[in-house]
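Right, one structure below, let's go through it.
Coordinate-derived values only; no laboratory data. None of the values given here were measured: they were computed from a predicted structure. Note that each Cβ is placed from the backbone with ideal geometry, even for glycine, and that neighbours are counted across all protein chains shown.
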Amino acid sequence: MAIKLYQFAISHYCEKVRWALDLKGVQYQPVYLLPGQHIKVVKQLVDQSSVPVLEHDTRVIQGSAAILDYLDSHFPEPPLLPTNPELRQRALEWERRLDSVAGPAVRCYCYHYLLQRPRLVTPMLAARTPFYNRYLIRLGFSRLEHIMRKWMKINEQTARTSRDAMEQMLKDLATAYQKSDFLVGNQFSRADLTAAALFAPLFQPEPYPVPWPAQDKLPEPMRAWLAQQEQALLPLQRLYSQHRAARPA
Ligand SMILES: N[C@@H](CCC(=O)N[C@@H](CS)C(=O)NCC(=O)O)C(=O)O
C-alpha cells in the first residue's frame, strides 16, 4: 500500500514531514485537507484531529516527531540523527524545544496578521485542495476566523508574546549557527530540519506548497518585524536551499 500523508499545505509541521520524506526519497501520496473539513477525515484514522498523519500499510502515525522516528527506522538513509548517543539526545532536545515553542509562536504570530487579510490567507488555507474551497472559505470567513482565533488563542496579546518567543529562539539559533553550520555535530540532522521548516513561513521558500503573499501586501507591523529579522533568518534559509530536496517527480 502507498504511503499517505494527511496534511494541510499551509502547516509548517506538515512541511517538516514533507521535507523528511523528500530527503529520504520516499514516494508518498499527499492528501491535502481543508482546515475544518479535516476533522472528519483524520478522526477516521486516529482519536485526535491534528495533522500531519502518516499512513503506511496498517500503521497510522500522528505528529511530526513520531513520524520522523518512524521514517528513520523504516527508511534509514540518509539518517536524520547522528549516531553518537549524546549528539542524538541534543538533536532531539532542539527538536522538542522548536516543536513546543517555535511552532506555536510562528503560527500564532502569522495567523494574527494574515487573518486580517482574507484575500491573502484564503488561497493559502485552501492550497492544493479543490478550487471551490476558496469560495467556501470566503463565504464563511468571519466564522472561520473566529474559530481559528478562539481555538489557537490568537489575539494582539498572544501575537506579542509569540513575537518575543520567536526573537529569543532566533537569537539562540543564530548563536549556534555562528559556531557551526549545523545545530548538532557536523552533519545535517532533524534539529536543523525542524528549525528551518518551522520558521519557513517567515522566509517563504519556494518548495513550500502555498501561494506566499507579496511582502508589500502584509500588514505593516508584520512587514516591519520581518525586515528586522532578515539577518537572523539567513542560516535557516541557507539550510533550506542546501538540504531541502525537491519532491521526486
Ligand atoms: N506537535 C504536533 C503539532 C501539530 C499541529 O499543531 N497541527 C495543526 C496544524 S499546524 C493542526 O492539525 N491543527 C488542527 C487540529 O488540531 O485539528 C506535530 O508536531 O505534528
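Descriptive notes on the structure:
- If the segment from L45 to Y135 were pulled out straight at 0.36 nm per residue, it would be longer than the present Cα-Cα gap by 29.6 nm.
- Highest to lowest packing among 147-156, 108-117, 13-22, 166-175, scored as the average C-beta count within 10 Å: 13-22, 108-117, 166-175, 147-156
- Sequence-distant aspartates and glutamates (8 or more away, or on other chains) whose Cα lies within less than 14 Å of K171: E230
- Sum of side-chain charges, A214 neighbourhood, beta-carbon under 13 Å (Lys, Arg +1; Asp, Glu -1): +3
- Given charges at beta-carbon only (K, R positive; D, E negative), |dipole| of the range 63-185 in Debye: 900
- The relative contact order of the range 78-177, computed from alpha carbon pairs under 8 Å that lie at least 6 residues apart in sequence, is 37 percent.
- The magnitude of the dipole of the range 4-74, with charges of +1 and -1 set on the Cβ of Lys/Arg and Asp/Glu and taken from the Cα centre, is near 180 debye.
- Helix-derived mean residue ellipticity, 222 nm - over the chain, DSSP H n ≥ 4, -39500 (n - 2.57), to 500: -18000 deg cm²/dmol
- Neighbour counting of Cβ atoms within 10 Å sorts the residues Y70, Y6, fewest neighbours leading, into Y70, Y6.
- Average Cα contact separation per residue, the range 161-249, under 8 Å, 6 or more apart, as relative contact order %: 34
- For the chain, the dipole from Cβ point charges (+1 on Lys and Arg, -1 on Asp and Glu) about the Cα centre works out to 840 debye, to the nearest 20.
- Over 29 Å between alpha carbons, listed pairs K150/K217; K40/K153; K24/K217; K153/K217: K24/K217
- Selection from A66, Y109, A195 lying farthest towards where the dipole of the chain points positive, charges on Cβ: Y109
- Between P118, S162, T129, the Cα set farthest toward the positive side of the dipole of the chain (charges on each charged residue's Cβ, about the Cα centre) is that of P118.
- Rg ratio for the chain: its Cα radius of gyration over 2.2 N^0.38 Å, N being its residue count, equals 0.99.
- When both bridge partners sit in the chain, DSSP labels roughly 65% of those beta bridges antiparallel.
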